[in-house]
Amino acid sequence: MSRKNFKRGTNLFVASTYMKKEIFSNVEPDLVIFNSNELVSMNTRYGAPRTGENMSELAIIKDGAIAIKDDLIIFIGPTDELMSKYEFGKIPTKVDATNKLVTPGFVDPHTHIIFDGTRENELSMKLEGKTYLEILKAGGGILRTVRKTREATLEKLVENGKKILDRMMSYGTTTLEAKSGYGLTTESEIKQLKAIQILNEVHPLDLIPTFLGAHAIPPEYNDKPDKYIDLIISEMIPKIAEEGLAEFCDVFCEKGIFSIKQTRKILKTAIRYGLKPQIHIDEIVDTNGALLASEIRAIQTGHLLKSNNEGLKAMAEAGVIATLLPGTPFCLMLDDYAPARKMIDLGIPIALATDLNPNCWTESMQMIITLACYHMKLSTAEALTAATINSACAIQKQNEIGSLEIGKRADLIVFDIPNHNFLPYHYGVNLVSKVIKNGKILVDYDLST
Ligand code: NIG
Ligand code: FE
């Protein structure tokens, strides 16, 4: 089965658990992990995405084991069952996970990893009290990155992206969504999406591409913003859809950036061209973004710091996923974070993402889990659910990744900690022991095993 081609494996991924067990019953593993103190399987028994109380159920297997053939999981259960099922001595690679935690690989469903130029100078402006929109109005922020990204070659963008992906992988991310949005011309948006396509081919991590031409009004359209919307609708979306360069279309819907009306127009066009809708909403001001998200049945929405109750209720009813990005208020030094507890009470499915971009730069989903627990009061179990199975749902890949189940991709993390509560507790350092992506050990900090 081709590793990068999810489609070819689809029949297997949606087969019943019984069928999968049958299919793999006589297959010998080439890699096993055993003796895990806590193996978080995060199974999809409740259907996906998870909401409310089901966000807390991790389906933990004590003294857990997992067997892998090629890029797929062929067994998961207690270690003694693994030992009686296979001839242990004959298994080529064995990982002893005594005192360790095993979880599904992190899925990061909202990132802006393709850019050139850094913005560390803006940190001092933020420390002096300048706001995000003030920095943007002064020609900094997104627009500064746009200038540098337009000038960069495709090769440079791939090189920058590769560095970020390597670091993401070392912190346990195994699949991510990646957006364009720093080109804002047809040509340079396509250049960014091509960089994502190349990285998906050459790098072990899987990338899901999103077109974000509506990230800012480019300076050359300042006095005629509607002309830029026309360009997105009549040229960018058709071209990008035709070339198969994106799966999703996103819009930065915010006061002074793209209005509700403009966002609706762009996303309706995107849907007609087969792109799935998602939106940045209500980050700085409540513009009724949550209501729009439910109206157009967005798959996921980002930020939601200011969303009103009516909009949140509508999102819960429509099953729109709230992808919370606590790294952003942290980097903007805000007191407010998204109201995660209220959202969970309302039954909104929550995912977590880094939002990696030149304003908010972390590759670490471990850091995001820490922020989610300390600032949004998620429990560790809820945060882990949000960073795995629910974030897989946010990019619609829950049939292949996000949980450890027979027939799913062998994307997982071995942590050098005894249980999941250590993830936010022992914070600010990399707790990874090994990262396994598509059945291969690609990160190994524990060379003694
Ligand atoms: O999600 N809010 C819009 N876009 C990004 C920030 C991009 C940037 O500042 O470069 C975000 O936070
Ligand atoms: Fe973002």
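The values are calculated or read from the model by the stated rules, or taken from the named source; none is laboratory data. Every value quoted in this text rests on a predicted model; they were computed, and no experiment measured them. Glycine gets a Cβ as well: all are built from the backbone with ideal geometry, and neighbour counts include every protein chain shown. Surface areas here come from the heavy atoms of the whole protein model, side chains and all, with no ligands, DNA or RNA. Shrake-Rupley method; radii C 1.70, N 1.55, O 1.52, S 1.80 Å.
If a residue has to be under 23 Å from the mean Cα position of the chain (by Cα) and among the acidic types (Asp, Glu) to count, how many in region 142-156 make the cut? Residues in region 142-156 being under 23 Å from the mean Cα position of the chain (by Cα) and among the acidic types (Asp, Glu): 0 in total. Restricting region 193-213 to residues that are touching a residue at least 60 places away in the same chain (Cβ under 8 Å) and assigned to a loop (DSSP other than H, G, I, E, B), which is surrounded by the most Cβ atoms within 10 Å (Cβ to Cβ)? Going through the qualifying residues, I end up with Leu205. Where helices (runs of 4 or more DSSP H) fall entirely within region 353-414, those with at least 2 residues that are under 22 Å from Ile114 (Cβ atoms) are at 365-376, 389-394. The single condition from (1) farther than 18 Å from Ala214 by Cα; (2) free of Cβ contacts under 8 Å to residues at least 40 places away in the same chain that Thr185 fails is (1). Of the residues making up region 78-123, just one is at positive phi and assigned by TED's automatic domain parsing to the domain that holds Asp416, namely Asn99. Say whether the condition of being open to solvent by 40 Å² or more (accessible area, probe 1.4 Å), over 28 Å from Thr354 (Cα atoms), at pLDDT 95 or above and outside the structural domain of Ala351 (by TED's automatic domain parsing) is met by at least one residue in region 5-25. No, region 5-25 has no match at all. Within region 117-129, the set of residues being surrounded by 15 or more Cβ atoms within 10 Å (Cβ to Cβ) and more than 12 Å from ligand 1 (Cβ to nearest atom) comprises Met125 only.
Applying the criterion of being within 28 Å of the chain's Cα centre (by Cα) and among the charged types (D, E, K, R) to the residues of region 15-64, the residue that is farthest from Met343 (Cα to Cα) is Lys20. Restricting attention to region 333-392, the residues that are of a type in the set (Asp, Glu) and either within 14 Å of ligand 1 (Cβ to nearest atom) or not assigned by TED's automatic domain parsing to the domain that holds Lys306 (or both) add up to 1.
With respect to the conditions (1) among the aliphatic types (A, V, I, L, M); (2) assigned to a loop (DSSP other than H, G, I, E, B); (3) surrounded by fewer than 24 Cβ atoms within 10 Å (Cβ to Cβ), Met169 lacks only one, and its number is (2). Looking at Leu184, Leu133, can you tell me which residue is in the same structural domain as Glu235 (by TED's automatic domain parsing), more than 22 Å from the chain's Cα centre (by Cα), within 13 Å of ligand 1 (Cβ to nearest atom) and outside any loop (DSSP other than H, G, I, E, B)? Only one candidate qualifies: Leu133. Applying the selection to region 314-327, what residues are within 15 Å of ligand 2 (Cβ to nearest atom) and out of contact with any His (no Cβ under 7 Å at 6 or more places or on another chain)? Of everything in region 314-327, those that are within 15 Å of ligand 2 (Cβ to nearest atom) and out of contact with any His (no Cβ under 7 Å at 6 or more places or on another chain) turn out to be Ile321, Ala322, Leu324, Gly327.
Residues that are within 16 Å of ligand 2 (Cβ to nearest atom) number at least 1 in the following strands (runs of 3 or more DSSP E) confined to region 78-123: 106-108.
Ile76 meets all of the listed conditions (1) within 27 Å of His426 (Cβ to Cβ); (2) more than 16 Å from ligand 1 (Cβ to nearest atom); (3) open to solvent by less than 10 Å² (accessible area, probe 1.4 Å) but one, namely (3). Please tell me if Lys224 is in contact (Cβ under 8 Å) with a residue 24 or more places away in the chain, among the charged types (D, E, K, R) and away from ligand 1 (no atom under 16 Å from the Cβ). For Lys224, the condition - in contact (Cβ under 8 Å) with a residue 24 or more places away in the chain, among the charged types (D, E, K, R) and away from ligand 1 (no atom under 16 Å from the Cβ) - is not met. Filter region 214-264 for residues that are open to solvent by less than 10 Å² (accessible area, probe 1.4 Å) and in a helix (DSSP H, G or I); which is nearest to Gln197 (Cα to Cα)? Going through the qualifying residues, I end up with Ile240.
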